[in-house]
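Read the structure below first, then the notes.
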Amino acid sequence: MRVSFVVNGDPVTVEVEPRLHLADCLRDVLSLTGTHLGCEHGACGACTVIVDGTAVRSCLMLTVQAEGASVLTVEGLSSDNALSPLQTSFRKHHALQCGFCTPGMLTTAHALLTEEPGADADRIRSALSGNLCRCTGYVSIVEAVLEARAAYRKADMP
Amino acid sequence: MKPAPFDYQAPGTIGEAIDLLASNPEAVVIAGGQSLMPVLAFRLATPSLLVDLRLLPGLSNITIGDDGVRLGALVRWRDIENHQRLAAAHPLLHAAVAQIAHYQIRNRGTVGGSLAHADPAAELPGVAVTCESEITLCGPAGPRTVPAGDFFTGPLSTLRRPDEIITELHLPRWPNGRHWAFRKYARRDGDFALAGILMFYDQDRNGALINAHVGVTGACPRPHRLTGVETLLNGHAIDDGLIRQAATMAAEEVDPPDDLHGDAAYRRGLVATLIERGLRAAARQGSG
């Protein structure tokens, strides 16, 4: 089926089987391999992308369901030559080791802080509870997201 | 972990959607897909056709009226969480939905999807049954309304026919001052509950409990009310002794599964503990 949507600001049209989930479309059809696939059944959160402003698991959404949607992946969070404030904070706080879960952590945290720039540590932990990390133990990740809040509060100002 | 091939249609009207289901016996309905997509990935279901409800009009409304709360089938968990008036209009619904699965899943999971999937541990079916709600379905013969207490017939099993679409959940009006509690236990945040309880009661002028409703999820093949516990509570003022009796009776009244996530005796104990904690929390609300 032919499906048209927007990825990181660019309109795309793809020809896919109805059974192709959005994560496979992003990775295999559009060569956006920043989105990682861990469990492929909605348990690990690695494949989280932002669809029309909300964080969703791209393995639990069919490409055909994205018709007309605006999708933001980890590639869309930063420009080619600079990290986003959230990514800078992840580096500063050593919020990643192997990096496999990091795209999902970043997209989830970005969606959360865009909607709720005042989220406290409990809220951040709750929102990230659907993202598994087997390296860092989460403390450094939560610290990184907490520090990044300042950039999202500024972004809110006119 | 790839689904078997299927065709896909996103009809624009309920009538078209029902026609597609009626003429394709192997068709399956998809809305948010948060339960169905894993089922497809594991190939536990291999439908010939997915009928996506995402373009159907009029199914995304939350209506708060004199007769209670009406939730359209395409209302997402995040819509309920973010609805400011719903926290007061139906606090039990609001609290239970806030604890469904994870953040990303609450952004796509829907009312109709949860009711149709009918996982025994799921929150919304528990709310629906405990509150004596009604579920409206639409099929080739037109709409029909079924009490939630009859709708769930077993694990992942309901009275919905394959060519019917759930359109609405109607929760009866929630009076001011009602005491309530929702408690669930899962080993990790967002996991399916090993046991969950939902309850509410009102009080007469003397402080005695009336209209007690107590429901259980997870520790049972389908969500259901604990009528023995309700009978025990009604007509009495709440105190330590009554709370302990209710907990003991709840443990006897449930029929929990015995599986690798927890044996039956453990789940009985969990239900008793959750009932005790829930009743204590409910009793602390307001002046009660």
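The values are calculated or read from the model by the stated rules, or taken from the named source; none is laboratory data. Nothing here was measured: the structure is a model prediction, and the numbers come from that model. Note that each Cβ is placed from the backbone with ideal geometry, even for glycine, and that neighbours are counted across all protein chains shown.
What to note about this one:
- Looking across segment A:34-71, the residues that are in contact (Cβ under 8 Å) with a residue 24 or more places away in the chain, part of a loop (DSSP other than H, G, I, E, B) and touching a strand residue (DSSP E or B) at 6+ places or on another chain (Cβ under 7 Å) come down to A:Thr35, A:Gly45, A:Cys47, A:Met61, A:Glu67, A:Gly68, A:Ala69.
- Some residue of segment B:232-253 being free of Cβ contacts under 8 Å to residues at least 40 places away in the same chain, closer than 22 Å to B:Pro125 by Cβ and of a type in the set (A, V, I, L, M, F, W, C): yes
- Long-range neighbours under 8 Å by Cβ, at least six apart or interchain, first residue in contact (Cβ under 8 Å) with a residue 60 or more places away in the chain and closer than 16 Å to B:Leu59 by Cα within segment B:107-121, second crowded, with 24+ Cβ neighbours inside 10 Å and acidic (Asp, Glu): B:Ser114/B:Glu123
- Inclusion of B:Asp263 among residues that are modelled with pLDDT under 95 and under 27 Å from A:Ser129 (Cβ atoms) is warranted.
- Residue in segment B:63-72 that is over 27 Å from B:Ala101 (Cα atoms), more than 14 Å from chain A (Cβ to nearest Cβ) and either buried (at least 20 other Cβ atoms within 10 Å of the Cβ) or of a type outside the set (Gly, Ala, Ser) (or both) present: yes
- Test: residue in segment B:81-89 that is touching a helix residue (DSSP H, G or I) at 6+ places or on another chain (Cβ under 7 Å), more than 16 Å from A:Met61 (Cα to Cα) and among the charged types (D, E, K, R): yes
- Among residues of segment B:46-62 being buried (at least 21 other Cβ atoms within 10 Å of the Cβ) and away from every other protein chain (no Cβ under 11 Å), the one that is nearest to B:Glu168 (Cα to Cα) is B:Leu59.
- Residues that are touching a strand residue (DSSP E or B) at 6+ places or on another chain (Cβ under 6 Å) and within 14 Å of chain A (Cβ to nearest Cβ), drawn from segment B:101-136: B:Gln104, B:Asn107, B:Arg108, B:Thr110
- When the residues of segment B:35-45 are filtered to those that are assigned to a loop (DSSP other than H, G, I, E, B) and surrounded by fewer than 20 Cβ atoms within 10 Å (Cβ to Cβ), the one that is nearest to the other protein chains (Cβ to nearest Cβ) is B:Phe42.
- Enumeration of residues in segment B:238-260 that are touching a helix residue (DSSP H, G or I) at 6+ places or on another chain (Cβ under 6 Å), at pLDDT 95 or above and of a type in the set (Asp, Glu): B:Glu253
- Set B:Thr130, B:Thr145: member being on the phi < 0 side of the Ramachandran plot and surrounded by 15 or more Cβ atoms within 10 Å (Cβ to Cβ): B:Thr130
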